[in-house]
Amino acid sequence: MKILCVAGARPNFMKIAPIMEAFHAHPDIDPLLVHTGQHYDERMSNLFFRELGIPEPDVNLEVGSASHAVQTAEIMKAFEPVCLQHRPDYVLVVGDVNSTIACGLVAAKLGIKLIHVEAGLRSGDRTMPEEINRLLTDSISDLLFCTEPSGVENLRREGISNGKVHLVGNVMIDTLLKNRAKAEQSTVLEDMGLVPRGYATMTLHRPSNVDTPAALGAILDAVDTIQRDLPIVFPIHPRTCKNVEALGFQARVETMAGLRLVDPLGYLDFLKLNANARFVLTDSGGLQEETTILRVPCITIRENTERPVTCQVGSNQLVGTSTEAILAAYDRIQNGQFDQAGIPDLWDGQAATRIAAVLATPVEHATVDRRQETGDRDR
Ligand code: UD1
């Protein structure tokens with residue numbers, strides 16, 4: 001069974017790592033890795049391949065940054081010949097970035113069966129580019145692997161047949177559990193003069209939070225207050241870095257002595273930092289999940305989350321984007337309200353193995369015929 005596995009942007013790399021490992025170990029699966037090049041900086045891409053032991057990509061499309069339409073189109077144009085050359089049985093895409101939908105669409109148009117890992121997540125917010133990517137990718141996938149029960153329920157509500165959907169757990173958590181001990185060897189705390197629980201970490205990159213002065217300013221007001229009590233380590237995403245400067249916040253940020261701006265970090269240093277943080281402030285999807293496993297309280301600076309299980313088990317607070325709400329969440333953490341949380345079912349390090357097992361089982365999923373589903377209209 002030949003499977004073209006796709007990764008393109010930073011959050012894809014920790015998802016594809018355990019999948020490649022499980023596929024390579026499986027006698028019936030022949031995986032090939034395609035990197036779209038959506039992320040390309042050393043610290044946004046290569047470092048993750050090295051640290052996570054991801055094999056060199058078999059193909060790199062080297063697409064790079066552009067507007068959504070151009071980036072998606074360029075990935076499609078470059079990926080189609082790869083599919084035609086390799087003629088895989090499946091294309092596998094992960095997550096919700098532009099590479100996910102671009103390669104998914106190419107596969108569907110060529111009649112190659114599509115697998116989506118991390119299917120069914122919904123924020124309900126169609127202004128998020130990721131939500132559009134998720135909805136569209138799921139609607140054309142033949143096999144959908146979910147991380148949490150809400151994903152299964154969302155797909156059922158959207159009319160996707162039960163037989164295509166499998167709740168397998170979370171491949172990102174496979175990577176975290178596998179690398180936890182290795183990350184403990186990192187000297188990042190000593191290097192930065194930090195002590196366990198004596199600091200917070202922060203990531204911010206959502207366009208809705210960092211692309212306008214009003215949104216970024218409100219968040220920085222809260223950050224300003226918190227960093228007076230507790231240092232905040234802020235590995236800054238390239239998009240945010242550009243906007244801090246362009247929107248006129250550079251001088252303000254430089255006055256905050258407790259805000260420690262650093263370049264994007266590698267996986268192991270960042271895992272060590274998060275595991276030992278008092279809490280995490282973020283607008284990332286993946287970090288809401290990682291803090292859940294690490295049992296570190298998380299303040300999610302967004303109006304919605306596609307990962308509700310992280311709030312249900314008690315580690316994540318979804319607070320919105322106002323200064324007051326962020327500070328209220330900070331107070332609740334300082335009062336110890338978020339120190340006890342549970343772990344979602346199946347987030348046990350075995351998700352990729354379950355995916356390989358489903359694929360290698362000769363059942364109906366392998367014979368889903370798109371024409372039967374769409375009736376006669378495309379014959
Ligand atoms: C993308 C994903 C987002 C994910 C995020 C993680 C989409 C729609 N968005 O957003 O879901 O959470 O990755 O990082 O796919 N840049 C660099 N170096 C790089 C990559 C990007 O400098 O290696 C800069 C470029 O100026 C680029 C900007 O960052 O224009 C944004 O990159 P892009 O891939 O378009 O989106 P992200 O904001 O990273």
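The values are calculated or read from the model by the stated rules, or taken from the named source; none is laboratory data. Computed from a predicted model, the values in this text were never measured in an experiment. We place every Cβ from the backbone using ideal geometry, glycine too, and count neighbours over all the protein chains shown. Note: areas computed on protein heavy atoms with side chains; ligands, DNA, RNA excluded. Shrake-Rupley method; radii C 1.70, N 1.55, O 1.52, S 1.80 Å.
Ordering I293, T225, F279 by Cα displacement along the dipole of the stretch 181-334 toward the positive end leaves I293 in first place; charges were set at the Cβ atoms of Lys, Arg (+1) and Asp, Glu (-1).
Remark: the stretch 181-334 carries a charge dipole of roughly 200 debye about the Cα centre, counting +1 on each Lys and Arg Cβ and -1 on each Asp and Glu Cβ. Of the complete DSSP H runs in the chain, those spanning 15 angstrom or more by Cα along the long axis with a mean Kyte-Doolittle score not below 1.0 are 98-110. Computed from point charges on the beta carbon alone (+1 for Lys and Arg, -1 for Asp and Glu), the dipole magnitude for the chain about its Cα centre is near 220 Debye. Extension gain for R157 to A357 (0.36 nm times residue separation, less C-alpha to C-alpha distance): 69.4 nm.
With only the Cα atoms considered, the stretch 13-123 has a convex hull volume of 115 Å³ per residue. Counting only Cβ charges, +1 for Lys and Arg and -1 for Asp and Glu, the dipole size of the stretch 78-201 around its Cα centre is about 260 debye. Each Cα pair under 8 Å and six or more residues apart adds its sequence gap; the mean of these over the residue count of the stretch 1-95 is a relative contact order of 39 percent. When DSSP beta bridges are restricted to pairs lying wholly in the chain, around 0% turn out antiparallel. Over all other residues within a Cβ to Cβ distance under 14 Å of K2, the charged ones net out to -2, with Lys and Arg as +1 and Asp and Glu as -1. Which percent, nearest 5, of DSSP beta bridges in the stretch 181-334 are antiparallel? Antiparallel: roughly 0 percent of the beta bridges in the stretch 181-334. Per the Kirkwood formula applied to alpha carbons, the chain shows a radius of gyration over Rh ratio, Rg over Rh, of 0.97.
Give me the percent of accessible area attributable to carbon and sulfur for the chain, probe 1.4 angstrom. Don't skip to the answer; put the middle values down first.
On the way: 7810 of 15470 Å².
Taking all protein chains in place, the chain shows 50 percent carbon and sulfur surface.
Using a probe of 1.4 angstrom and keeping all protein chains present, the accessible surface of the chain works out to 41 square angstrom per residue.
Counting only protein heavy atoms and using a 1.4 Å probe, the accessible area of E303 comes to about 130 Å².
Express in whole angstrom the spacing between the alpha-carbon centres of the stretch 113-147 and the stretch 230-275. If we compute the Cα centre of each part, the gap is 30 Å. A simple packing score, the average count of other Cβ atoms within 10 Å per residue, orders the peptides 309-319, 186-196 as 309-319, 186-196, with the highest score first. With a/c under 1.5 counting as rounded, go ahead and sort the stretch 155-234 into rounded, prolate or oblate using the C-alpha gyration tensor (a ≥ b ≥ c being the square roots of the eigenvalues; past the cut-off, prolate if a/b is larger than b/c, else oblate). It comes out oblate by the Cα gyration axes. Only helices enter the 222 nm calculation for the chain: every DSSP H run of n ≥ 4 contributes -39,500 (n - 2.57), and dividing by all residues gives -14000 deg cm²/dmol, rounded to 500.
Specify the inter-centroid distance of the stretch 1-58 and the stretch 281-309, based on alpha-carbon positions, in whole Å. About 24 Å separates the Cα centre of the stretch 1-58 from the one of the stretch 281-309. From the residues A22, Q334, P11, which one has its Cα farthest along the dipole of the chain in the positive direction, the dipole being from +1 and -1 charges on Cβ of Lys/Arg and Asp/Glu about the Cα centre? After comparing all options, I get A22.
Taking the highest mean first, how do the peptides 157-165, 294-302 order by number of other beta carbon atoms within 10 angstrom per residue?
Highest to lowest by the protection proxy: 294-302, 157-165.
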